[in-house]
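Okay, structure first, notes after.
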Number of protein chains: 2
Amino acid sequence: MNLPTIDDILAAHRRIKPFVHQTPVLTSEQLNKLFSCELFFKCENFQKVGAFKFRGAVNAVLSLSDIERKRGVATHSSGNHAAALALAASMNGVKPYIVMPETAPAVKKNAVTGYGADITYCKPTLQDREETTRRIIEKTGAVMVHPYDNFNVICGQGTSALELLDKRDDLEIVIAPVGGGGLLSGTSTCVKGINGKIKVIGAEPLNANDAWKSFTSGILTPSVNPSTVADGLLTSLSELTFSVIRKNVDLIFTATEESIIECMLLVWERMKIIIEPSSATVLAIIKENPDFFRKKKVGLILSGGNVDFRKLPF
Amino acid sequence: MNLPTIDDILAAHRRIKPFVHQTPVLTSEQLNKLFSCELFFKCENFQKVGAFKFRGAVNAVLSLSDIERKRGVATHSSGNHAAALALAASMNGVKPYIVMPETAPAVKKNAVTGYGADITYCKPTLQDREETTRRIIEKTGAVMVHPYDNFNVICGQGTSALELLDKRDDLEIVIAPVGGGGLLSGTSTCVKGINGKIKVIGAEPLNANDAWKSFTSGILTPSVNPSTVADGLLTSLSELTFSVIRKNVDLIFTATEESIIECMLLVWERMKIIIEPSSATVLAIIKENPDFFRKKKVGLILSGGNVDFRKLPF
């Protein structure tokens, strides 16, 4: 299997740099005191479409051949990846085909159409999503851009850690959340490629702990009907992301729903920034493992800030 | 009456600079597009204690004589000013005496005690608050630091606009919210002292429009039982702030409750930062007066980000 290297991530960064926000790295004296360590938050909640997903999507679009560009790109997603691919494609004159379940919230449908994509609706089952996407690809020749099981997407997601280490070269630990594993794959490839001494840790909801199970057992073990407030982390690792994570990640910690919600509220209250529950997972594992992180300099990737304010978990 | 000048604000800035956060100036392509103007948000929601109030409080504390420092400072407040004065005093080895109504929310009481202040509780009437504060001052000799009817507080509040103009010297309009008028007094003194051509506009809830009434009629006209979601703007102008505002402010616009809530949600959704309803008033007046602001470069002071997440207005 062809795994990404630091050179692939450096190349992705050169490619996407004119299109992405160089998001800030924020700190909070109050949270440092509370958790007895030095925290550096890389704020992908301020990224375009409100999530790191835009980095991978735009790298995938910019990596298309001329023939592929004319055919368009396709994906099935009800979340941030759909909006990210729609915007990344539209910005570059490439046609995006997005398959979404007809039950998706209006706000998500509007975001995707607002970025210039045609939505094809399907029934809310994985089978119908995949079938509908396959039909579109057959008809149009569009290139499938999977949300995480995709080499170029992983390289794009790794550029966030690159910018973080560029600002702070003294970090001892970097944490990224893990769902399908695209962000953690890119992050770990980047960090280990720059400095092998920095520990890379995945943060996963206990209620969707397939990555932890797979990592611990050495056998790819997808989740069955996971349920967590961290709705960006419901998906399971693929063969590709599992391979990268086994090679580059030091540890995976899990966090309870209570910790995730508590840490989301802490960031809102103390830092005055909006993060989604998936992002709070990186702080929640610090809360649950204080001895491991005590007095360490820790970089945390805040993955996104797309929240339905009418359905808050607190 | 001795009104502050730009020199007083420059002196305040030199005094408080080591103690305050130089808050960022943020922009949003989406909001620029939506409102057809260029917006520059000065983020006092990221200030210590989550509000611009800290600037005024710390300037007041640093302006005490040695004898006054030993006696301490006192105020009555249930909001951001109490927390700001408590922290400003504690940081500088000065004893803060804070009078709060016994009915104040636990979260506000905890914030103030967390910053090292003794709270004296009173009945939730203005009369009992003033009477209780008077007794403490008689007993201790503490210096009263009023939340806005105070020369040094006004000068401190003006330093936010100073940092804003330092970063953006091409602004055509600067907007600040107006409640008691401390922030608008400091802001307008600063802006007009630097460049008389820049328009300074106050943003006030229609439901608490004493400043608009006073400014328009030329007669100080306090609000009677105002009721607005912008709970930081319930107070009325004092003689001092009214005098400064008459001299330096070009216009006061009011905004409805609906506009304030809508604009608060817009900033949360599009910018991923937490602002309190009072802060949203500055954007709400742009929404209600699109022709006035079209294609202009507008600086907006986001006054604070202290929100009770269990009582959201949307």
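Looking at the structure I just gave you, is B:Val49 part of a loop (DSSP other than H, G, I, E, B), within 14 Å of chain A (Cβ to nearest Cβ) and either of a type in the set (A, V, I, L, M) or closer than 30 Å to B:Glu131 by Cα (or both)? Taking the combined requirement at face value, the residue does not satisfy it.
Being under 30 Å from A:Arg270 (Cβ atoms) and assigned to a loop (DSSP other than H, G, I, E, B) is the filter here; which residues of segment B:291-314 pass it?
Just the residues of segment B:291-314 that are under 30 Å from A:Arg270 (Cβ atoms), to begin with: B:298-314.
Result: B:Ser303, B:Gly305, B:Asn306, B:Val307, B:Asp308, B:Phe309, B:Arg310, B:Lys311, B:Leu312, B:Pro313, B:Phe314.
Scanning segment B:100-149 for residues that are hydroxyl-bearing (Ser, Thr, Tyr) and modelled with pLDDT of 90 or more gives B:Thr113, B:Thr120, B:Tyr121, B:Thr132, B:Thr133, B:Thr140, B:Tyr148. Which number in (1) of a type outside the set (Ser, Thr, Tyr); (2) more than 29 Å from B:Leu300 (Cβ to Cβ); (3) surrounded by fewer than 18 Cβ atoms within 10 Å (Cβ to Cβ) marks the one condition that B:Val99 misses? B:Val99 satisfies all of (1) of a type outside the set (Ser, Thr, Tyr); (2) more than 29 Å from B:Leu300 (Cβ to Cβ); (3) surrounded by fewer than 18 Cβ atoms within 10 Å (Cβ to Cβ) except (3).
Of all residues in segment B:24-36, those that are more than 11 Å from chain A (Cβ to nearest Cβ) have Cβ atoms under 9 Å from Cβ atoms of residues that are surrounded by 13 or more Cβ atoms within 10 Å (Cβ to Cβ) and of a type in the set (S, T, N, Q), 6 or more apart or on another chain, in B:Leu34/B:Ser28.
Residues in segment B:272-290 that are in a helix (DSSP H, G or I) and in contact with a Ser or Thr (Cβ under 9 Å, 6 or more places away or on another chain): B:Pro277, B:Ser278, B:Ser279, B:Ala280, B:Thr281, B:Val282, B:Leu283, B:Ala284, B:Ile285, B:Lys287, B:Glu288, B:Pro290.
Taking segment B:247-281 as the range and being in contact (Cβ under 8 Å) with a residue 60 or more places away in the chain and among the acidic types (Asp, Glu) as the test, only B:Glu276 passes.
Confirm whether A:Tyr97 is out of contact with any Gly (no Cβ under 9 Å at 6 or more places or on another chain) and at pLDDT 90 or above. For A:Tyr97, the condition - out of contact with any Gly (no Cβ under 9 Å at 6 or more places or on another chain) and at pLDDT 90 or above - is not met.
Residue by residue, here is whether (1) assigned to a helix (DSSP H, G or I); (2) within 15 Å of B:Pro147 (Cβ to Cβ); (3) among the small types (Gly, Ala, Ser) holds:
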residue	(1), (2), (3)
B:Leu34	yes, no, no
B:Phe41	no, no, no
B:Gly56	yes, yes, yes
B:Asn59	yes, yes, no
B:Thr75	no, yes, no
B:Ser78	no, yes, yes
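Taking (1) in contact (Cβ under 8 Å) with a residue 40 or more places away in the chain; (2) of a type outside the set (Val, Ile, Thr); (3) assigned to a helix (DSSP H, G or I) in turn, A:Phe19 satisfies each apart from (3).
Assess whether A:Lys53 counts as being without any contact (Cβ under 8 Å) to a residue 40 or more places away in the chain, under 19 Å from the mean Cα position of the chain (by Cα) and on the phi < 0 side of the Ramachandran plot. The answer is no for A:Lys53. Let me confirm something: among B:Ile175, B:Ile194, which residue is at pLDDT 95 or above, farther than 30 Å from B:Ala86 by Cα and in contact with a helix residue (DSSP H, G or I) (Cβ under 7 Å, 6 or more places away or on another chain)? From the options B:Ile175, B:Ile194, the qualifying one is B:Ile194.
Please tell me if A:Ala284 is without any contact (Cβ under 8 Å) to a residue 60 or more places away in the chain, on the phi < 0 side of the Ramachandran plot and buried (at least 17 other Cβ atoms within 10 Å of the Cβ).
Values: without any contact (Cβ under 8 Å) to a residue 60 or more places away in the chain: no; on the phi < 0 side of the Ramachandran plot: yes; buried (at least 17 other Cβ atoms within 10 Å of the Cβ): yes.
When the stated conditions are applied, A:Ala284 does not pass them.
Taken residue by residue, segment A:136-147 has no member that is surrounded by fewer than 18 Cβ atoms within 10 Å (Cβ to Cβ) and under 28 Å from A:Ile273 (Cα atoms).
Residues checked against (1) out of contact with any Lys or Arg (no Cβ under 9 Å at 6 or more places or on another chain); (2) loosely packed, with under 14 Cβ neighbours inside 10 Å; (3) at negative phi:
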| site | (1), (2), (3) |
| --- | --- |
| B:Leu3 | no, no, yes |
| B:Arg14 | yes, yes, yes |
| B:Pro18 | yes, yes, yes |
| B:Thr23 | no, no, yes |
| B:Cys43 | no, no, yes |
| B:Val58 | no, no, yes |
| B:Lys70 | no, yes, yes |
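Can you name the residue in segment B:249-294 that is away from every other protein chain (no Cβ under 14 Å) and of a type in the set (Lys, Arg) and, of all such residues, is nearest to B:Ala211 (Cα to Cα)? Taking the candidates together, the pick is B:Lys287.
The values are calculated or read from the model by the stated rules, or taken from the named source; none is laboratory data. No experiment lies behind these values; they were computed from the predicted model shown. Glycine also receives a Cβ, built like all others from the backbone with ideal geometry; neighbour counts cover every protein chain displayed.
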